[in-house]
1. Given the conditions (1) closer than 26 Å to A:Ala533 by Cα; (2) away from chain B (no Cβ under 12 Å); (3) not small (Gly, Ala, Ser), report the number of the one that A:Asn510 does not fulfil.
2. Name the single residue, out of those in the stretch A:328-375 being outside any helix (DSSP H, G or I) and among the aromatic types (Phe, Trp, Tyr), that is surrounded by the fewest Cβ atoms within 10 Å (Cβ to Cβ).
3. For B:Ala79, all conditions in the list (1) in contact (Cβ under 8 Å) with a residue 12 or more places away in the chain; (2) surrounded by 15 or more Cβ atoms within 10 Å (Cβ to Cβ) hold save one; what is the number of the exception?
4. Are any of the residues in the stretch A:222-231 among the hydrophobic types (A, V, I, L, M, F, W, C) and either over 26 Å from the mean Cα position of the chain (by Cα) or within 11 Å of another protein chain (Cβ to nearest Cβ) (or both)?
5. All but one of (1) surrounded by 18 or more Cβ atoms within 10 Å (Cβ to Cβ); (2) touching a strand residue (DSSP E or B) at 6+ places or on another chain (Cβ under 9 Å) hold for A:Thr277; which doesn't?
6. Considering only residues that are part of a helix (DSSP H, G or I), touching a Pro at 6+ places or on another chain (Cβ under 7 Å) and of a type in the set (Gly, Ala, Ser), look in the stretch A:501-550 and name the one that is farthest from A:Glu118 (Cα to Cα).
7. Return the residue satisfying two criteria in turn: it lies in the stretch B:100-141 and is buried (at least 24 other Cβ atoms within 10 Å of the Cβ) and of a type in the set (Ser, Thr, Tyr), and of such residues it is farthest from the other protein chains (Cβ to nearest Cβ).
8. Considering every residue within the stretch A:482-500, establish whether at least one is free of Cβ contacts under 8 Å to residues at least 60 places away in the same chain, outside any helix (DSSP H, G or I), within 14 Å of chain B (Cβ to nearest Cβ) and more than 23 Å from A:Ala363 (Cβ to Cβ).
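The values are calculated or read from the model by the stated rules, or taken from the named source; none is laboratory data. All of these numbers come straight from a predicted model, not from anything done at the bench. Please note: Cβ atoms are built from the backbone with ideal geometry, for glycine as well, and neighbour counts cover all protein chains shown.
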Amino acid sequence: MKHPRLWRMNHLFFLLALLAIIFAACAPPAAAPTAGEQPAAPAAAGLPPEPGRGTDGELVLVYWQEVSILNPYLASGTKDFHGASLILDPLLEFNENVELVPVLAEEVPTLENGGVSEDLMSITYKLRPGILWSDGTPLTAEDVVFTWEYCADPATGCTVQNFVGVASVEALDELTVRVNFTDPTPYPYTAFVGYLSPIIQKAQFQNCKGEAAQACSEQNTNPIGTGPYKVAEFRANDTVVYAVNENYRNPNQPHFARVIIKGAEDASASARAVLETGEADYGWNLQVEPAVLLDMEAKGKGTIMSAFGANVERILINFTNPDPNLGEKRSLWTPEDPNPHPFLTDINVRKALSMAIDRNIIAEQLYGPGGKPTCNLLAGPPAVASTNNDACLQQDIEGANKLLDEAGYLDSNGDGIRETPDGVPLRILYQTSTNAVRQKTQALIQQWWKQIGVETELKNVEAAVFFGGDPASPDTYNKFYADVEMFTNGPDNPDPQQYLANWLCDGGANIPSPANNWGGSNVERWCSEEYDALFAQLRTATGEERNRLAIALNDMLVQNYVAIPLVFRASVSAYSNTLSGPNISGFETEEWNIETWHRVR
Amino acid sequence: MGQYILRRVLTAIPTLFFISFVIFALLALSPGDPTANLPPSLPMEIKLRVREALGMNQPMPVRYVRWLQQFMVNEPLNALEKATGIRIGDSENRLRITSWTARGKPVIDLIIERLPQTLWVVGLAYVIAVLIAVPLGVFSAYKQNSLFDQIASVIAVIGFSLPTFFTGVLVIQFFAVRLGWFPTLYNTTLRVTDWGTFIEQLRQMAMPVFVLAFFQIATISRFARSSVIENLRMDYVRTARAKGLTEKAVVTRHVVRNSLIPVVTLVALGIPGIFGGAIVTEQIFAVNGIGQLLILSIQSNDLPVVQTVLVIFSVLVIVFNLIADILYGILDPRIRYS
């Protein structure tokens, strides 16, 4: 048979073309050395001996949740606060030892230096003189006042709670600003403190307040700031490129000329880019299986860093009856009818559930560098972390069984499940969000609870639904249509008052119900006058007394087994061994000191 | 023909309205909330306020009508304004469809930002796939059951039985992690200005293009092969050979021409898929294309983006169906629309 030459020619041509593409692709490029070719020593070549402004080239940060917006007051997730923190500065921030340090303020106002008023009703900040916005105009007290006005307007849809309790903010002169509170506030460092509430420029945002906030695309993606960087290019949900803010207050900083935040598929792809291929210098929030992560670290390209703030993974107990047969009254607490849970209202049952759990195994095997076992709901910072409950670290199945036996919960029909004296079997519906680590935790705990005669049904809900605010959804954590549920929470400020307020009863106003559109924070529906009274003392306490009260409140929660703390969670990140500077506390973004980051020399 | 096209276009309009409504209704009914990713410490009251500001508490029909007006009237007017530079009406206050996660960012701008990457990566993969697959299929068919055909068949079977999320990870592990040839993160801000950046662009496109093209070659070459085999057995081929035409003329002028008619329609129907991006592949290689936009928006419950992207897909599918039908009529004289 004849070979049609045309086809052979065609075939040859395509093969050649393909080869050409492959060769072109494999040729080592002049500009960017790839991971495989990178020298083993830190890339210090060509750098001046001391880092100066913009001397250290490019810094690549990889975020597997891409930055959507650079206005923190309209953030759609934690990553957006991080993206904004390179551009915008607060008045004060927390350093790596969780101490307040001034940023745009001249000093930290205190009672001693007169910055905080005697009656604890106001705090007065002096702005550092000579601070310029990246557009060259000076920062004034008016900008600070405007920032508050912007967020306080309910139509803005502001996503931070730092201004709760602020009555007004007024400019006393060009560089002095006073924050007035509605009540005496012994810890006044919430408004304008930390990455959650930086100062935005009035001139840029004055037409973007209220409803207009939603349409200010340009302002929201390219805010003018006082921080070390400004936006060079912004691609929503993908990449942010930052350039040096020429007007930054320290002429020697920042050291990197360009910073790029890039997206990646997931946490393990981020870890790979830093620890295996070396394409990125820093990877954020790497909740990757511990064994896999440590394997990657062993390749020697980067280091894993854990920052413990105060986030605790816990199991919340439902004190009301979530029985679907109750219809509208399901998980509903009212002062007239507390609708008690058939057995979880008995402290012995809650205690037994806690005793049966081996927190060490969960922390070691499922969290690795991302967590350590804890017996406290308030686990940090160290000054307010209680040491009175550490006995829970030891699993005690035998003791739990004994406790339930003595309390009268016996398995009378021999099916392996205990019953209450009234004959209600100890069956528990245990819900959490869909997440590999959480499902593994659920499976472990299910096993342990089985050993004390409690049958557990597991349920997981998509995070977007579980943590969402849709009042129509039956699956949000606030509706709590389950017996127990698990998630992470913690104070975002070293002062725990706002966090401890979550368990206030307030006559039921703080308990999620249709009356408040399921918006209350006391998700456990645990109503204790004693707790409310002790919390009232915290509202006015200062100094050591304040820490003592915080610990006492934590102990009251934990010893009543209102929620069962499991793991003190850290934010895990990885940075390249060629990078020097990352140093965090867990109460700021990892980039809080990015102006000092530089290449290892 | 003109009448046929007109009729098809007219029936497409109610179809589109129907599709857009179904998509909107499904999304509105599906659970999920854009406030779910906010820090855990944020109290529910504040989340409720954010929902209010995003306009989520309005009833579904109101939201649909508003979206429809924005999509059908406001956005085309804006596009027209941008293209011609002529101000039409009160353009400042014309509401645009904006994203919920990137608050205030018009959805159309997000799509335009991402279209080039998708067209480059997915489009190039498609072009390469077609260029390789069609000759491959034709040659396999012509040499049916030869060693070449056998090998091509095996590769094709592997190609469409391995999902891209598997080949993608495999390729990354081998070429990027082990060998270090290609980057794993696609640099979307790279601008090709000289030879160096061009090479870099090729390097970062190599893996996703390979993975996508491999998958598509398999499908298209199989299709072309069976079509050619079918035609080779036809009487007209025997007639052509009996007439004494050269083998080359028989194959190129008769067999290939006739057997490519269904292939052309297949290729045309695949084009909307290019604009749709490759959801899985784009996500694995961090290419910020339309597919990745869609998956991110679904994950973060950014309904305006999901809705708009899906409706644009529907429009493209309908348009390319029409084009495929018309092409069919032009290529195959036996088919006449009246």
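1. (2)
2. A:Phe343
3. B:Ala79 satisfies all of (1) in contact (Cβ under 8 Å) with a residue 12 or more places away in the chain; (2) surrounded by 15 or more Cβ atoms within 10 Å (Cβ to Cβ) except (2).
4. Taking the stretch A:222-231 as the starting set, the residues that turn out to be among the hydrophobic types (A, V, I, L, M, F, W, C) are A:224, A:231.
From what is left, the residues that are either over 26 Å from the mean Cα position of the chain (by Cα) or within 11 Å of another protein chain (Cβ to nearest Cβ) (or both) are none.
Scanning the stretch A:222-231, I find no residue that is among the hydrophobic types (A, V, I, L, M, F, W, C) and either over 26 Å from the mean Cα position of the chain (by Cα) or within 11 Å of another protein chain (Cβ to nearest Cβ) (or both), so the answer is no.
5. Failed condition: (2).
6. Within the stretch A:501-550, the subset part of a helix (DSSP H, G or I) is A:501-503, A:506-508, A:514-516, A:529-538, A:543-550.
Among the residues that remain, those that are also touching a Pro at 6+ places or on another chain (Cβ under 7 Å) are: A:507-508, A:546, A:550.
Narrowing further to those that are of a type in the set (Gly, Ala, Ser): A:507-508, A:550.
Values: A:Gly507: 31, A:Gly508: 33, A:Ala550: 22 Å.
Filtering the stretch A:501-550 for residues that are part of a helix (DSSP H, G or I), touching a Pro at 6+ places or on another chain (Cβ under 7 Å) and of a type in the set (Gly, Ala, Ser), the one farthest from A:Glu118 (Cα to Cα) comes out as A:Gly508.
7. By that ranking, first place goes to B:Ser140.
8. no
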